[in-house]
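Visitor: Okay, handing you the structure first.
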Amino acid sequence: MSVLTTLLLFCNIMLLCCVDCTVPLQDDTAPLEVEFHSVDFRNVLHWKHHPRAPEDLQYFVQYKIYGDKQWSVAELCQAIRELQCDLSQETSDPREWYYARVQSASSEGLSPWVISSRFHPQWDTIFSPPKIKLNVTEQGIVVHIRPPRSPLQGERNTRISVAKLQKLIFRLYLIHDGVDKETYETIGCSKKVVIQALNPQTTYCLQAVTITPRSGRTSARGQSTCVTTP
């Protein structure tokens, strides 16, 4: 770690503890458009490089829960050069409200902190469509639905399904000759749908979307998967 980085880290700690720091603040190096982008509860803070800022900028990220007085250091996002920071683990409770802030540092000094808008994972994340697998049986087409996975780890070190963190609906589109024939819906905890009363020796395709009842948001349609009835 360079002497400059060590100094800036020390000064950030001092600022966090409300101790005066003599490093000058540089408004024209401050990051721009600090905001969360969230897909399937992967909560990533993004920002932009100030056009007049020097190229040797490093960034420091902190976060807190709404209502807390003290900011916490995002340990993996100190003295970084990337224009984003994955805060999924730090913002893992989807029911909480969060803020994050970013400060840039260079040989010219520190910028002021730039704070994001308030972020609520349950309201602000968007969801991917579920994956589907089709089997043809005597009953009809059996659709196996696999909900999107969050980046959070469960007890067996497997990624937790988003359906366990948020109430979701999955909608299936039955397509024949490029035209939507029927739609089917199931709640997130149901992982199988059987489609019956189909024409024999006919090719059907299915696409799926994820719907968030709380906000009414609908994901893009997933990849089309096709089977032919016997």
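The values are calculated or read from the model by the stated rules, or taken from the named source; none is laboratory data. Computed from a predicted model, the values in this text were never measured in an experiment. Virtual Cβ from ideal backbone geometry, glycine too; neighbours counted across all protein chains shown. Protein only, heavy atoms only, side chains kept; ligands, DNA and RNA dropped before computing areas. Shrake-Rupley method; radii C 1.70, N 1.55, O 1.52, S 1.80 Å.
Visitor: Taking the condition of being within 24 Å of the chain's Cα centre (by Cα) and within 18 Å of Ser107 (Cβ to Cβ), how many residues in the stretch 42-76 meet it?
Guide: Our first condition is that a residue be within 24 Å of the chain's Cα centre (by Cα); within the stretch 42-76, this holds for 42-49, 58-68, 71-76.
Cutting the leftovers down to within 18 Å of Ser107 (Cβ to Cβ) gives us 49, 58-60.
Going through the stretch 42-76 one residue at a time, the tally reaches 4.
Visitor: Write out, first by first residue and then by second, each pair whose Cβ atoms fall under 6 Å of each other, whose residues are 6+ apart or on separate chains, and whose first residue, in the stretch 54-71, is more than 16 Å from Val102 (Cβ to Cβ) while the second is open to solvent by 40 Å² or more (accessible area, probe 1.4 Å).
Guide: What qualifies is Ile65/Glu96; Tyr66/Trp97.
Visitor: Name the residues in the stretch 144-176 that are under 25 Å from Leu206 (Cα atoms) and of a type in the set (Lys, Arg), would you?
Guide: Hits for the stretch 144-176 are Arg146, Arg149, Lys164, Lys167, Arg171.
Visitor: Mind listing whichever residues of the stretch 43-75 are of a type in the set (A, V, I, L, M) and at pLDDT below 95?
Guide: Filtering the stretch 43-75 down to residues of a type in the set (A, V, I, L, M) leaves 44-45, 53, 57, 61, 65, 73-74.
Result: Ala53, Leu57.
Visitor: If you don't mind, another one. Please list, ordered by first then second residue, the pairs with beta carbon atoms under 6 Å, 6 or more apart or interchain, first in the stretch 118-139 and touching a residue at least 24 places away in the same chain (Cβ under 8 Å), second part of a loop (DSSP other than H, G, I, E, B) and open to solvent by 80 Å² or more (accessible area, probe 1.4 Å).
Guide: Pairs that qualify, where the first residue is touching a residue at least 24 places away in the same chain (Cβ under 8 Å) and the partner is part of a loop (DSSP other than H, G, I, E, B) and open to solvent by 80 Å² or more (accessible area, probe 1.4 Å), are Arg118/Trp97; His120/Trp97.
Visitor: Give me the pairs: first residue in the stretch 25-41 and within 30 Å of Ile160 (Cα to Cα), second residue outside any strand (DSSP E or B) and open to solvent by 70 Å² or more (accessible area, probe 1.4 Å), beta-carbon distance under 9 Å, and six or more apart or on different chains, which are they?
Guide: Sorted first by the residue in the stretch 25-41, then by its partner, the pairs are Val34/Ser117; Glu35/Ser117; Phe36/Ser117.
Visitor: Mind checking which strands (runs of 3 or more DSSP E) fall wholly inside the stretch 181-230 and carry at least 2 residues that are among the hydroxyl-bearing types (Ser, Thr, Tyr) and closer than 12 Å to Arg171 by Cα? Quick ask: steps written out before the conclusion?
Guide: On the way: elements: 192-195, 203-212, 225-228.
By residue number, 203-212.
Visitor: Also: Restricting to the stretch 89-136, name every residue that is among the aromatic types (Phe, Trp, Tyr) and open to solvent by 40 Å² or more (accessible area, probe 1.4 Å).
Guide: Taking the stretch 89-136 first, the residues among the aromatic types (Phe, Trp, Tyr) are 97-99, 113, 119, 123, 127.
Trp97, Tyr99, Trp113, Trp123, listed by residue number.
Visitor: Same structure again: For the stretch 115-146, how many residues are out of contact with any Pro (no Cβ under 9 Å at 6 or more places or on another chain), over 25 Å from Gly67 (Cβ atoms) and not in a loop (DSSP other than H, G, I, E, B)?
Guide: 9
Visitor: Hey, another quick one. How many of the residues making up the stretch 170-198 are open to solvent by less than 50 Å² (accessible area, probe 1.4 Å), polar (S, T, N, Q) and without any contact (Cβ under 8 Å) to a residue 40 or more places away in the chain?
Guide: At the first step, the residues of the stretch 170-198 found to be open to solvent by less than 50 Å² (accessible area, probe 1.4 Å) are 170, 172-176, 186, 188, 190, 193, 195, 198.
Subsequent filtering for residues that are polar (S, T, N, Q) retains 186, 190.
Those still in the list that are without any contact (Cβ under 8 Å) to a residue 40 or more places away in the chain too: none.
So the count comes out to 0.
Visitor: Take Ser150 and tell me if it is open to solvent by 20 Å² or more (accessible area, probe 1.4 Å), within 23 Å of the chain's Cα centre (by Cα), among the polar types (S, T, N, Q) and under 30 Å from Ser92 (Cα atoms). Show your work before the answer.
Guide: Working: open to solvent by 20 Å² or more (accessible area, probe 1.4 Å): no; within 23 Å of the chain's Cα centre (by Cα): yes; among the polar types (S, T, N, Q): yes; under 30 Å from Ser92 (Cα atoms): yes.
Considered against the rule, which asks whether it is open to solvent by 20 Å² or more (accessible area, probe 1.4 Å), within 23 Å of the chain's Cα centre (by Cα), among the polar types (S, T, N, Q) and under 30 Å from Ser92 (Cα atoms), Ser150 comes out as no.
Visitor: Tally time: how many residues in the stretch 58-77 are over 25 Å from Ser150 (Cβ atoms), in contact with a strand residue (DSSP E or B) (Cβ under 9 Å, 6 or more places away or on another chain) and surrounded by fewer than 20 Cβ atoms within 10 Å (Cβ to Cβ)?
Guide: Our first condition is that a residue be over 25 Å from Ser150 (Cβ atoms); within the stretch 58-77, this holds for 58-60, 69-70.
Imposing the further condition that a residue be in contact with a strand residue (DSSP E or B) (Cβ under 9 Å, 6 or more places away or on another chain) reduces the set to 58-60, 70.
Going one step further and asking which of them are surrounded by fewer than 20 Cβ atoms within 10 Å (Cβ to Cβ), we end up with 58, 70.
So the answer is 2.
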